[in-house]
Amino acid sequence: MNLQENSELLAALMRQEELLKQLVAAINKPKLGLHSEAGNCKIYCNRQHGGLWYTLNGEPSDVPQTALTGYLKELRFENTERRKKETCKLLITMQADRTYILESGYDTHFSKCILAAIATLTPQQLYSPITLQPTPGTTDENVLFCRVWVESELVMASYNEQSDWREISKQAIAVTKAAAEMVF
């Protein structure tokens, strides 16, 4: 390469870098005007109200979308009261067009599917967006599973009665935390 070609290549790279900065700035801008997307959105992951998952804005509202793609930011367990009973929930925080917090019973198949799948991944894999896809059980209309996709690959992770959920949960939480702390 001669000096002229190097200069042209450098100028092109600088233009690309500036365009990339503008694109990132545009993506990170908040929506202006009227909209219904302030704050985060809590999604309840069970088939209690006829769909696969729902939100509560006074009344339960079915979420018609069949998957959620975003960055997994946090997995945590929380004790809470539901129907006047103390219960433990798995809270899954996903960052997408907004923050989504998915709630599922700690011992449901939905939670077990996510925990088992995430525990098999590396922090580098979680640095990319993942897709959560609620899937109905075929023999019991109350059962809800969850498929986990990394890019276009389904994460295959099985579990059974002997699975050590304390260890699986610790591993899934550790991988998620390590991915959130990664800097590139």
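The values are calculated or read from the model by the stated rules, or taken from the named source; none is laboratory data. Because the structure is a prediction, the values reported are computed rather than measured. Glycine also receives a Cβ, built like all others from the backbone with ideal geometry; neighbour counts cover every protein chain displayed. Calculation scope for accessible area: heavy atoms of the full protein, side chains included, ligands and nucleic acids excluded. Shrake-Rupley method; radii C 1.70, N 1.55, O 1.52, S 1.80 Å.
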Would you kindly state how much longer the chain becomes between residue 161 and residue 22 on full extension, computed as 0.36 nm times their sequence separation minus their alpha carbon distance, in nm to one decimal? 44.9 nm
Could you give me the radius of gyration and the Dmax of the chain, taking only the C-alpha atoms into account and expressing both in angstrom? 20.4, 76
Here are some pairs, 73/170; 84/177; 85/177; which of them have Cα atoms lying more than 21 Å apart in this structure? 84/177; 85/177
Would you mind checking the tilt of helix 109-119 against the longest principal axis of the Cα atoms of the chain, expressed as 0 to 90 degrees and rounded to 10? 40 degrees
With every protein chain left in place, what is the accessible area of residue 107 in Å² (1.4 Å probe, nearest 10)? 90 Å²
Per residue convex hull volume, Cα atoms of the range 80-184, in Å³: 135 Å³
Relative to the longest principal Cα axis of the chain, at what angle does helix 165-180 sit, 0 to 90 degrees, rounded to 10? 20 degrees
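With +1 on each Lys and Arg Cβ and -1 on each Asp and Glu Cβ, how big is the dipole of the chain about its Cα centre, in debye rounded to the nearest 20?
540 debye
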Expressed as an acute angle from 0 to 90° and rounded to the nearest 10, what is the orientation of the C-alpha long axis of helix 3-28 relative to the principal long axis of the chain? 30 degrees
As a test question: what accessible area, to the nearest 10 Å², does residue 140 have when a 1.4 Å probe is rolled over all protein chains in place? 70 Å²
Could you tell me which of 144, 110, 79 has its Cα farthest along the dipole of the range 42-155 towards the positive end, charges placed at Cβ (Lys, Arg +1; Asp, Glu -1), taken about the Cα centre? 79
Using a 7 Å offset from the Cα along the Cα-to-Cβ direction at both residue 95 and residue 83, what is the distance between the two label points in nm, to one decimal? 3.6 nm
So for 5, 141, 81, what's the accessible-area order with a 1.4 Å probe, most first? 141, 81, 5
Relative contact order (%) - criterion: Cα under 8 Å, at least six apart; region: the chain: 19 percent
Row for the range 48-107, column shape: gyration tensor on C-alpha, a ≥ b ≥ c, rounded if a/c < 1.5 i.e. under 1.5, prolate if a/b over b/c, else oblate; value oblate
Sorted by accessible surface (1.4 Å probe, heavy atoms of the protein chains only), largest first, 49, 109 come out as 49, 109
Take 92, 101 and sort them by solvent-accessible surface of the protein heavy atoms, 1.4 Å probe, largest at the top. 101, 92
Nearest-10 value in Å² for the accessible area of residue 151, using the 1.4 Å probe: 130 Å²
With runs of 4+ DSSP H residues as the only contributors, calculate the mean residue ellipticity of the chain at 222 nm using -39,500 (n - 2.57) per run, divided by the residue total and rounded to the nearest 500. -10000 deg cm²/dmol
With a 1.4 Å probe and all protein chains left in place, how much accessible area per residue does the chain have, in Å²? 68 Å²
